[in-house]
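Trainee: Pasting a structure here, questions to come.
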Amino acid sequence: MRIDIITALPNLLDSYFNDSILRRARQKGLAEVHVHDLRQFSQDKHKRIDDYPFGGGAGMVMSLPPIHRAITSLKSERTYDEVIYMSPDGYLLDQPLVNRMSTLTNIIILCGHYKGVDERVREHLVTREISIGNYVLSGGELPAAVLSDALIRLLPGVLGDETSALSDSFQDGLVAPPAYTRPETYGDWKVPEVLLSGHAARIQEWRHRQSVERTRDRRPGLLGENDPE
Ligand code: SAH
């Protein structure tokens, strides 16, 4: 998978993608992440990428031309499956959407700033809008990193243990069961007996029961309907 991120603050993203699992994924050639500085596509002599809103009001709006140039330049080099705009009012990111998107080959992610982008970007250039939650951040960089991380960790070969992504929360519509590791006892705090029993079927049944109970407790909505995409 190749991810091209268009941002006004490229430095914000570098450290995240240059460490941990995401760096390994890049080194193994499983994922490519390219961060593009939107200012490079500004033809203004001060490299401006924003302007005052028509009709007045507070806050600046990101201009259409630099974004159009950035997207057109990327599209002239390869075909993209999606041009995604991170936006608080987009589809609320969830695991089923991440799973479906993890099979894509090339995607562009556009990060907004200020009051967001000129609406014509959304009307004519963007194919999908995604939110990471019902709250407002100052820029789309963290949301873009969240989406990229969620996608990249699903690519075959990225996680050490091939099955581990499948046992994470939400993969089967349930949250994950609790996990324990050594030491077996820590003062009075003990690990549930069943996990030490070596009895695979009982352990699996216990984990499943825990998942169901926790889902009912913490995410009852998962047992119901989701928002329309
Ligand atoms: N005026 C906009 C908010 C702009 S916030 C509104 O009220 O909807 C500036 C930028 O941060 C947005 O353009 C978007 O790219 C990003 N952003 C902020 N919160 C986000 C969220 N919850 N999910 C995804 N992107 C978000």
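Trainee: Do you know which residues across segment 169-192 are open to solvent by 80 Å² or more (accessible area, probe 1.4 Å) and in a strand (DSSP E or B)?
Mentor: Result: Tyr186, Trp189, Lys190.
Trainee: Quick one: count up the residues across segment 106-148 that are hydroxyl-bearing (Ser, Thr, Tyr) and touching a Leu at 6+ places or on another chain (Cβ under 9 Å).
Mentor: Number of matching residues: 2.
Trainee: Taking segment 143-167 as the region of interest, how many residues are out of contact with any strand residue (DSSP E or B) (no Cβ under 9 Å at 6 or more places or on another chain) and either within 30 Å of Tyr114 (Cβ to Cβ) or in contact (Cβ under 8 Å) with a residue 24 or more places away in the chain (or both)?
Mentor: From segment 143-167, those out of contact with any strand residue (DSSP E or B) (no Cβ under 9 Å at 6 or more places or on another chain) are 149-150, 153-167; that's our starting set.
If we keep only those that are either within 30 Å of Tyr114 (Cβ to Cβ) or in contact (Cβ under 8 Å) with a residue 24 or more places away in the chain (or both) as well, we get 149-150, 153-159.
Total satisfying the criteria: 9.
Trainee: Determine whether segment 101-116 contains at least one residue that is without any contact (Cβ under 8 Å) to a residue 60 or more places away in the chain and under 15 Å from Leu38 (Cα atoms). Steps first, please.
Mentor: First, the residues of segment 101-116 that are without any contact (Cβ under 8 Å) to a residue 60 or more places away in the chain: 101, 103, 112, 116.
Those left that are additionally under 15 Å from Leu38 (Cα atoms): 112, 116.
Within segment 101-116, one or more residues are without any contact (Cβ under 8 Å) to a residue 60 or more places away in the chain and under 15 Å from Leu38 (Cα atoms).
Trainee: Can you work out which of the residues in segment 100-123 that are surrounded by fewer than 16 Cβ atoms within 10 Å (Cβ to Cβ) and under 18 Å from Asp89 (Cβ atoms) is nearest to the ligand (Cβ to nearest atom)? Walk me through it before giving the result.
Mentor: So in segment 100-123, the residues surrounded by fewer than 16 Cβ atoms within 10 Å (Cβ to Cβ) come out as 100, 103-105, 115, 119-120, 123.
Now narrow it down to the ones that are under 18 Å from Asp89 (Cβ atoms): 115, 119-120, 123.
Numbers: Lys115: 4, Glu119: 11, Arg120: 14, Glu123: 15 Å.
Among them, the one singled out is Lys115.
Trainee: Could you list all residues from segment 97-125 that are small (Gly, Ala, Ser) and within 14 Å of the chain's Cα centre (by Cα)?
Mentor: Once the filter is applied, which keeps residues that are small (Gly, Ala, Ser) and within 14 Å of the chain's Cα centre (by Cα), segment 97-125 yields only Ser102.
Trainee: Mind telling me which of the residues Val136, Val61 ends up being open to solvent by 30 Å² or more (accessible area, probe 1.4 Å), touching a Pro at 6+ places or on another chain (Cβ under 6 Å) and within 29 Å of Ala31 (Cα to Cα)?
Mentor: Numbers: Val61 fails: within 29 Å of Ala31 (Cα to Cα).
Only one candidate qualifies: Val136.
Trainee: Looking at this structure, is Arg202 in contact with a helix residue (DSSP H, G or I) (Cβ under 7 Å, 6 or more places away or on another chain), free of Cβ contacts under 8 Å to residues at least 60 places away in the same chain, farther than 27 Å from Thr105 by Cβ and surrounded by 11 or more Cβ atoms within 10 Å (Cβ to Cβ)?
Mentor: yes
Trainee: Still on this structure: Out of all the residues in segment 168-199, which are in contact (Cβ under 8 Å) with a residue 40 or more places away in the chain and polar (S, T, N, Q)?
Mentor: Ser169, Gln171
Trainee: Further question on the same structure: Among the listed residues Tyr52, Tyr80, Tyr91, identify the single one that is among the aromatic types (Phe, Trp, Tyr), assigned by TED's automatic domain parsing to the domain that holds Glu123 and without any contact (Cβ under 8 Å) to a residue 12 or more places away in the chain.
Mentor: Just one listed residue meets the conditions, Tyr52.
Trainee: Moving on. Can you name every residue in segment 3-35 that is touching a Ser or Thr at 6+ places or on another chain (Cβ under 7 Å) and either farther than 23 Å from Asp81 by Cβ or in a strand (DSSP E or B) (or both)?
Mentor: Passing the criteria: Ile3, Val33, Val35.
Trainee: Scan segment 126-175 for residues that are within 16 Å of the ligand (Cβ to nearest atom) and at positive phi and jot them down. Even if it seems obvious, please write down each step before you answer.
Mentor: Pass one, segment 126-175, residues within 16 Å of the ligand (Cβ to nearest atom): 126-151.
Passing the criteria: only Gly133.
Trainee: Anything in segment 30-58 that is within 14 Å of Lys115 (Cβ to Cβ) and surrounded by fewer than 18 Cβ atoms within 10 Å (Cβ to Cβ)? List them, or say none.
Mentor: Asp51, Tyr52, Pro53, Phe54, Gly55, Gly56, Gly57, Ala58
Trainee: State all residues of segment 8-32 that are over 12 Å from Ser148 (Cβ atoms) and either of a type in the set (S, T, N, Q) or in contact with a strand residue (DSSP E or B) (Cβ under 8 Å, 6 or more places away or on another chain) (or both); if no residue qualifies, say none.
Mentor: If the condition is that a residue be over 12 Å from Ser148 (Cβ atoms) and either of a type in the set (S, T, N, Q) or in contact with a strand residue (DSSP E or B) (Cβ under 8 Å, 6 or more places away or on another chain) (or both), then Ala8, Leu9, Pro10, Asn11, Leu12, Asp14, Ser15, Asn18, Ser20, Gln27 are the ones that fit.
The values are calculated or read from the model by the stated rules, or taken from the named source; none is laboratory data. Keep in mind that what you see is a predicted model, and the values were worked out from it rather than measured. Glycine gets a Cβ as well: all are built from the backbone with ideal geometry, and neighbour counts include every protein chain shown. Heavy atoms of the whole protein, side chains included, go into the accessibility calculation; ligands, DNA and RNA do not. Shrake-Rupley method; radii C 1.70, N 1.55, O 1.52, S 1.80 Å.
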